[in-house]
Amino acid sequence: PRQINLASRPSGWPTADNFDLVEVGSQPLEEGQVRVRNQFMSVDPYMRGRMNDVPSYIPPFQLGRPLDGGAVGVVVESRSADLAEGDLVLHGLGWRDEAVLDAARARRLTPVEGLSNSAFLAVLGMTSLTAYAGLLDVASFKEGDAVFVSGAAGAVGSIVGQIAKLKGASLVVGSAGSAEKVEYLRGIGYDAAFNYKDAPVAEQLKKAAPDGIDVYFDNVGADHLEAAIGSLRTFGRVAMCGAIAVYNSTEPTPAPRNLALAIGKRLTLRGFIASDHADRMPAMVDEVGGWLREGRLSYEETIVDGLENAPEAFLGMLRGENTGKMIVRL
Ligand code: NDP
């Protein structure tokens, strides 16, 4: 089997040289362990942070060691009573063809007819949990709210906008980085969408939501956050989900210059990590799964084939080459 190791730590934008594809010997199983043939793995923005040697809510990747992250695969050998050969599982050892882990660290999945198993990494997994908990719990979305979502054509953003519409938002505005993505957003129910590369975000947001917004779901940070603070109405809420615009910065980035507006407007800006909201997974699967079955919610995946192409898929995602969730098929 093969795995991808961290070869070196990037400064600024990562490159293919930061990754090493290596062949490793097959690891024997210990009692309680399973061997999983990975089918799909996730590449996510948070992995950029883990390439830096800094303390965070999740430990950094180690030099010369394999990267890890969400993966779905099939048990091919088991020394555990809890999982049998042929079981489909979700676990945290992506970036490799084959994972050996304690059965307790894998969750058995029931395949869903008509859905690819990659859905457990995205629309029926962490992606939608992030969107669901972030919008409904962290931003306390209420029917009638006007919502702005950045990174709107990405994995999380494309789900956030649809949930907001399905739950009765008065207006849903999205921003993304290309004309095709803006088209895509209109197609999935966004009331208005713009390309943030066309003109200043603050200007475009004001045009799209002239009466202001109540909720901002922030995937981007920087100028997007500043624009949202400018457009938020009194008692507006921000779910601070991510700040992808600054993940590759080598210098500290300026705070939103208008942050002091938060006082007079009585804004709430709240950061969150989806895994803290794991208790919402059943409700999310129930509701989002229902909308999927009824054809009221759609999702997109951008699939890249082959473990050897996983670094390129990750880098491509950072550059915006994905619509919906970027997935590597192994
Ligand atoms: P996406 O599928 O949205 O992929 C990343 C996207 O970011 C790209 O497609 C690109 O789209 C956009 N992007 C890249 N650089 C910039 C930039 N400078 N300005 C604006 N947009 C940019 O990834 P996810 O849906 O997985 O993640 C979205 C955000 O949510 C990230 O910030 C991530 O860190 C965060 N996140 C947080 C979680 C949490 O628990 N708090 C959990 C999951 C994700 P475009 O073409 O539009 O530029």
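Just so it is clear, none of the values below were taken in a lab; they were calculated from the coordinates. Everything numeric in this text was worked out from a predicted model, so none of it was measured. In this analysis, Cβ positions are derived from the backbone assuming ideal geometry, glycine residues included, and neighbour counts consider all displayed protein chains.
Does Gly189 satisfy the condition of being touching a residue at least 12 places away in the same chain (Cβ under 8 Å), more than 25 Å from Glu321 (Cβ to Cβ) and not in a helix (DSSP H, G or I)? No. Exactly one residue out of Val75, Val43 is in contact with a strand residue (DSSP E or B) (Cβ under 8 Å, 6 or more places away or on another chain), under 30 Å from Gly12 (Cα atoms) and not basic (Lys, Arg): that is Val43.
Would you mind stating whether Ala228 is more than 30 Å from Asn18 (Cβ to Cβ), in a helix (DSSP H, G or I) and touching a residue at least 60 places away in the same chain (Cβ under 8 Å)? So Ala228 fits the description; yes. The single condition from (1) within 30 Å of Asp53 (Cα to Cα); (2) part of a strand (DSSP E or B); (3) near the ligand (Cβ under 8 Å from one of its atoms) that Ala239 fails is (3).
Per-residue answers, yes or no, for (1) without any contact (Cβ under 8 Å) to a residue 24 or more places away in the chain; (2) assigned to a strand (DSSP E or B); (3) among the polar types (S, T, N, Q):
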residue	(1), (2), (3)
Pro10	no, no, no
Arg48	no, no, no
Pro55	yes, no, no
Val72	no, yes, no
Glu77	no, yes, no
Ala81	yes, no, no
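Looking only at region 149-199, filter to residues that are more than 20 Å from Val238 (Cβ to Cβ) and charged (D, E, K, R); which one of those is farthest from the ligand (Cβ to nearest atom)? So, considering only residues that are more than 20 Å from Val238 (Cβ to Cβ) and charged (D, E, K, R), the one farthest from the ligand (Cβ to nearest atom) is Arg186. Using the structure shown, decide if Val220 is away from the ligand (no atom under 16 Å from the Cβ), aliphatic (A, V, I, L, M) and within 27 Å of Trp95 (Cα to Cα). So Val220 fails the test. Filtering region 276-327 to residues that are more than 10 Å from the ligand (Cβ to nearest atom), of a type in the set (S, T, N, Q) and either part of a helix (DSSP H, G or I) or crowded, with 20+ Cβ neighbours inside 10 Å (or both) leaves only Asn309.
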